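The values are calculated or read from the model by the stated rules, or taken from the named source; none is laboratory data. Because the structure is predicted, anything quoted here is derived from the model rather than measured. Methodologically, a virtual Cβ is constructed for each residue, glycine included, from the backbone with ideal geometry; neighbour enumeration extends over all protein chains shown.
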Amino acid sequence: MKKDSNASDCSSPCATRSMRLADLMYGHEGRFMCSLSGRFDPEKYIDAPPIQICEMKCGCWIVADGNNRVGLILRKNPEATIANIPDQLIALFPFGEWDSGLLEWANPCPKSFREAMKKQVRRVAAPKNSIYCTIERDKDKNFLAYNFTAKKRQFISATGETVDEAKRLLEEMLKVELGSENLSLVWHAQGSLEDHQCRPGINTGASS
Ligand SMILES: [Zn+2]
């Protein structure tokens, strides 16, 4: 990734420095995980590459490198802003100055840290006899719900235009297949089900 001398000089306006870390997009795919523990201590990361924060086409900013360090800061201080990170540990890349195509391929629908960290909620134990089903988005942007264990490893699937529709259709099929009205389905989402959703208010640009 390109790194130039003024990437971290706050050429970018105060507006960028006052952005909340929680509103930045979490750059890793999937659920939030933070492999670091303890407190964010810049001294500890003196040799680490700067936290790379890159502007997306839509105006949101995504953490391309340094997600764990940002996660560590947010755990202690959910209200932290970019200004809470020492300048020498930050590199800001406006759109066009980094390879956004690579990211779109690796992580097509990034969510904010706020959202990603929320999903960390512990799962409730599924009741016995639960039927584990999977839902994913197909390439036509419909939703495919499927199960292949409920009936002798037979693949049963349903497609819907919405998540709820696909789930409902599969549930109806399973009820018929298994001859039971009371099914306890446990859903696992494969990949992201949504498009990237911009955080309101952070992509308003320099309009003021
Ligand atoms: Zn966006």
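Structure summary
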| read-out | value |
| --- | --- |
| Flag for ASP87 being touching a residue at least 60 places away in the same chain (Cβ under 8 Å) and among the acidic types (Asp, Glu) | yes |
| In segment 44-76, the residues that are part of a loop (DSSP other than H, G, I, E, B) and either closer than 20 Å to SER18 by Cβ or more than 16 Å from the ligand (Cβ to nearest atom) (or both) | ILE46, ASP47, ALA48, PRO49, PRO50, MET56, CYS58, GLY59, CYS60, GLY66 |
| Top-ranked residue of segment 22-51 - restricted to ones that are within 19 Å of ALA189 (Cα to Cα) and of a type in the set (A, V, I, L, M, F, W, C), ranked as farthest from the chain's Cα centre (by Cα) | MET33 |
| Residue match in segment 140-153 (condition: among the small types (Gly, Ala, Ser), in contact with a helix residue (DSSP H, G or I) (Cβ under 8 Å, 6 or more places away or on another chain) and modelled with pLDDT under 85) | yes |
| Candidates SER192, SER157 - the one that is in contact with a strand residue (DSSP E or B) (Cβ under 8 Å, 6 or more places away or on another chain), of a type outside the set (A, V, I, L, M) and in a loop (DSSP other than H, G, I, E, B) | SER192 |
| All positions within segment 150-192 that are among the aromatic types (Phe, Trp, Tyr) and free of Cβ contacts under 8 Å to residues at least 40 places away in the same chain | PHE155 |
